[in-house]
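The values are calculated or read from the model by the stated rules, or taken from the named source; none is laboratory data. This one's a predicted model, so the numbers in the text were calculated from it and none came from an experiment. Cβ: placed from backbone, ideal geometry, glycine included. Neighbour counts: every protein chain shown. We work out accessible area using only protein heavy atoms, side chains counted, and drop any ligands, DNA or RNA first. Shrake-Rupley method; radii C 1.70, N 1.55, O 1.52, S 1.80 Å.
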Number of protein chains: 2
Amino acid sequence: MEAGFEVNLRRPCSASRVLVASHIESLVFDTSHTKHHPKGPLAYASLELYVDDVSDGSCVASADPRVLRETAATAWVDGGHGLGPVVGRFSMELALSKAKEVGVGWVVAKGSNHYGIAGWYSMLALERKMLGMSFTNTSPLVSPTRSKKAALGTNPISVAVPAGKDSYVLDMATTAAALGKIEMQRRRGQPLPVGWAQGPDGAVTTDADLAYKTQCLMPLGGAEDSAGYKGYGLALMVETFCGLLSGSAYGPDVRRWGSSGETANLGQCFIALDPAAFAPGFEDRAADLIGKLRSMEPADPAKPVLVPGDPERAHMEHVDQQGGVRYVAQQVESSEKLAQRLQITPMKVLA
Amino acid sequence: MEAGFEVNLRRPCSASRVLVASHIESLVFDTSHTKHHPKGPLAYASLELYVDDVSDGSCVASADPRVLRETAATAWVDGGHGLGPVVGRFSMELALSKAKEVGVGWVVAKGSNHYGIAGWYSMLALERKMLGMSFTNTSPLVSPTRSKKAALGTNPISVAVPAGKDSYVLDMATTAAALGKIEMQRRRGQPLPVGWAQGPDGAVTTDADLAYKTQCLMPLGGAEDSAGYKGYGLALMVETFCGLLSGSAYGPDVRRWGSSGETANLGQCFIALDPAAFAPGFEDRAADLIGKLRSMEPADPAKPVLVPGDPERAHMEHVDQQGGVRYVAQQVESSEKLAQRLQITPMKVLA
């Protein structure tokens, strides 16, 4: 690992970055407040896991992705067990260049690692005035409807859509809630809403402590009677695009989150679509529709109707107004420990 | 309209068909019991609406779809306000032939009409050993999260995936429940599960009567705290693929369901993907994964874990065992009235 570990906490968040190795440079960014920030896809909170994987060789930091098979519109990529963002950016750029030529680019990669924020890759399409999509399989944490145990990941779907000076960005796990939200309810001592998680007997539980121990989320929609089988179907669709098409690990055989020592061999899928291949005026229509949605009369006047990505945009503005990202003491401590372990300069806390 | 209106109710459902006009031939099929039947995509229950649209000229039964713009991988189709299944089949076949050449075919159509079962088009891919997808926008019936009123349709997502002799077929509205399910609860005098529908004030309601009158469904996930904004995001994604890309009607401006006299001008999207463009052995992996999912230990031993499409397959077997599709008296009556109106031979009831 190369030296260099510097974060200026008082500068706007766009300037914050962590240098760990040449391949990680610019890839790590704190996302506790703002998951759609364009500077880098990796959540700061997961940094130690990435370092662990590089340290024990299950992630090959120097790997370069290569194309194994391609057509004018598709490519099959071998990520060589490289860093997720390296594989992801390579694949998304390839999808974008194919879409520029033939309207659509569909790229799947095997041998990848955790790639951070799904929306970061789909958003690469926005500046080219294209639609971008990204999907990844993940460690099994979600129960197929009726099953006692988890067999699929939180398998996110992300879609970024340009709309003139505006845009919308959907970036959603195919579960009702993330594990982090369950942990938060547990720390607050509050019960879970029905449909977030199940207990060891396979039944829905609202006990946050039990849910956190069981680590078995329910798919979007919750239980069967509230259409949880649709969320399960979407998770399976994502697994199909990622693991099954790419030939990576898939389903219950993906390694557990945080377990190092074996390759993650994740599968990922990246799609770019050029609206110019279809009806003229796409961005005007997109801007018109999201404008109409935002101006729908809300049930509660204090809660205006939003489009996907609006909450993250608001958070980003808030963080910039604050002059930077606020870290909790625990995060600063753990980054100091990590710096010690790597024998690099620790993060400077400026306020 | 040409004469000919014949259904043999005692023959297996694969032989049942309704001939109304040359363009409708083989397109209409009763789907009250089996929505994935491959013989035709249109629900028998909607037949009268299709006839109304053709009668008043808002649907042009003789229209032939044409390609307005294309690349090796994409096409923009004008359906000419033709019958939905004519536009749909034309577009899906085009997507399949493009996928055969360059791995993926992405086709969007404007000027279409209600196309029936989304899964029927995606399933056309199965016999070519490809993945098929189909999406359509629909009349506004779903509330964007926080909105008092509906602005998007039930906008379905369908994905068909070949797996050797097996397959799975996802075909889901992006709502928690269909309007038909609400009507059923209402007739039974039972309350709705939380998250299906909202009342005129925009709040969740469990009053089936009120929900049926309000006609405002909630997106998959229900209210905001159970992640209904994800279902809303998916409905918006489908509208993007359909209305926004194709230049058809979109969002709140799509005509109300059942309102004739103006063109529906629906937008639809059809995708075919050749797994041979990616890692070899796709169908083996797909068969392995769906096998593993089906063999997960269920929470309730009486309810085995299924994959998308399994319930419909079971229904089809059941219908074939019964010797045909059973119609309720109301359906037979309304088809007799329709036959009278069209001055054609009424359906023969054999049992």
Exercise. If you go through segment A:333-350 one residue at a time, do you hit one that is open to solvent by less than 80 Å² (accessible area, probe 1.4 Å), outside any loop (DSSP other than H, G, I, E, B) and without any contact (Cβ under 8 Å) to a residue 24 or more places away in the chain?
Worked result: no
For this session: Could you tell me whether any residue of segment A:88-103 is away from chain B (no Cβ under 14 Å) and among the hydroxyl-bearing types (Ser, Thr, Tyr)?
Result: no
Exercise. Of the numbered conditions (1) touching a Phe, Trp or Tyr at 6+ places or on another chain (Cβ under 9 Å); (2) over 26 Å from residue B:132 (Cβ atoms); (3) among the polar types (S, T, N, Q), residue B:214 satisfies every one except a single condition; which is it?
Worked result: (1)
Problem set entry | Out of B:200, B:162, sole residue that is in a loop (DSSP other than H, G, I, E, B), surrounded by fewer than 24 Cβ atoms within 10 Å (Cβ to Cβ) and touching a helix residue (DSSP H, G or I) at 6+ places or on another chain (Cβ under 9 Å) | B:200
Exercise. Quick one: is residue A:336 of a type in the set (D, E, K, R) and more than 10 Å from chain B (Cβ to nearest Cβ)?
Worked result: yes
For this session: Answer with yes or no whether residue A:283 is assigned to a loop (DSSP other than H, G, I, E, B) and either more than 7 Å from chain B (Cβ to nearest Cβ) or without any contact (Cβ under 8 Å) to a residue 60 or more places away in the chain (or both).
Result: no
Problem set entry | strands (runs of 3 or more DSSP E) contained in segment A:65-128 and holding at least 1 residues under 13 Å from residue A:242 (Cα atoms) | A:74-78, A:104-112
Seminar exercise, completed: Filter segment B:165-176 for residues that are touching a strand residue (DSSP E or B) at 6+ places or on another chain (Cβ under 9 Å) and not in a strand (DSSP E or B); the one that is most open to solvent (accessible area, probe 1.4 Å) is B:173
Exercise. Taking residue B:179, is it more than 10 Å from chain A (Cβ to nearest Cβ), more than 23 Å from the chain's Cα centre (by Cα) and surrounded by fewer than 24 Cβ atoms within 10 Å (Cβ to Cβ)?
Worked result: no
Exercise. How many residues are within 14 Å of another protein chain (Cβ to nearest Cβ), closer than 23 Å to residue A:284 by Cα and open to solvent by 10 Å² or more (accessible area, probe 1.4 Å) if we restrict to segment A:105-129?
Worked result: 2
Problem set entry | For residue B:209: the one exception among (1) open to solvent by less than 30 Å² (accessible area, probe 1.4 Å); (2) of a type in the set (D, E, K, R); (3) touching a helix residue (DSSP H, G or I) at 6+ places or on another chain (Cβ under 7 Å) | (1)
Exercise. Which of the following residues is in a helix (DSSP H, G or I), surrounded by 23 or more Cβ atoms within 10 Å (Cβ to Cβ) and not basic (Lys, Arg): A:291, A:243?
Worked result: A:243
For this session: Go through (1) at the interface with chain A (Cβ under 10 Å from one of its Cβ atoms); (2) in contact with a helix residue (DSSP H, G or I) (Cβ under 6 Å, 6 or more places away or on another chain); (3) in contact (Cβ under 8 Å) with a residue 12 or more places away in the chain one by one and return the number of the condition residue B:277 breaks.
Result: (2)
Problem set entry | Filter result for residue B:307 (of a type in the set (Val, Ile, Thr), in a helix (DSSP H, G or I) and either within 30 Å of residue B:81 (Cβ to Cβ) or in contact with a helix residue (DSSP H, G or I) (Cβ under 6 Å, 6 or more places away or on another chain) (or both)) | no
Exercise. Counting only residues that are open to solvent by 80 Å² or more (accessible area, probe 1.4 Å) and among the β-branched types (Val, Ile, Thr), how many does segment B:304-332 have?
Worked result: 1
For this session: May I ask you to say which residue of B:225, B:209 is outside any loop (DSSP other than H, G, I, E, B), of a type outside the set (A, V, I, L, M, F, W, C) and within 23 Å of residue A:301 (Cβ to Cβ)?
Result: B:225
Exercise. Taking interchain pairs and intrachain pairs at least six residues apart, which have beta carbon atoms under 6 angstrom, with the first residue in segment A:300-322 and more than 9 Å from chain B (Cβ to nearest Cβ) and the second crowded, with 16+ Cβ neighbours inside 10 Å and in a helix (DSSP H, G or I)?
Worked result: A:319/A:13
For this session: For segment A:286-298, name all the residues that are in contact (Cβ under 8 Å) with a residue 12 or more places away in the chain and either on the phi > 0 side of the Ramachandran plot or among the charged types (D, E, K, R) (or both).
Result: A:294
Exercise. Is it the case that some residue within segment B:82-97 is within 23 Å of residue B:233 (Cβ to Cβ), among the polar types (S, T, N, Q) and crowded, with 24+ Cβ neighbours inside 10 Å?
Worked result: no
For this session: Select from segment A:182-199 the residues that are more than 10 Å from chain B (Cβ to nearest Cβ) and not basic (Lys, Arg) and list them in ascending order.
Result: A:182, A:183, A:184, A:185, A:189, A:190, A:191, A:192, A:197
For this session: Return the residue satisfying two criteria in turn: it lies in segment B:253-268 and is part of a loop (DSSP other than H, G, I, E, B) and crowded, with 23+ Cβ neighbours inside 10 Å, and of such residues it is nearest to the other protein chains (Cβ to nearest Cβ).
Result: B:254
Exercise. Is it the case that residue B:237 is under 18 Å from the mean Cα position of the chain (by Cα) and within 14 Å of chain A (Cβ to nearest Cβ)?
Worked result: yes
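Residues checked against (1) open to solvent by 10 Å² or more (accessible area, probe 1.4 Å); (2) over 23 Å from the mean Cα position of the chain (by Cα):
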position: A:247; (1), (2): yes, no
position: A:251; (1), (2): no, no
position: A:270; (1), (2): no, no
position: A:281; (1), (2): yes, yes
position: A:301; (1), (2): yes, yes
Problem set entry | Residue, farthest from residue A:104 (Cα to Cα), within segment A:144-159, restricted to residues that are hydroxyl-bearing (Ser, Thr, Tyr) and either without any contact (Cβ under 8 Å) to a residue 24 or more places away in the chain or more than 8 Å from chain B (Cβ to nearest Cβ) (or both) | A:154
Problem set entry | Only listed residue being surrounded by fewer than 24 Cβ atoms within 10 Å (Cβ to Cβ) and either modelled with pLDDT of 95 or more or in a helix (DSSP H, G or I) (or both), chosen from A:230, A:149 | A:149
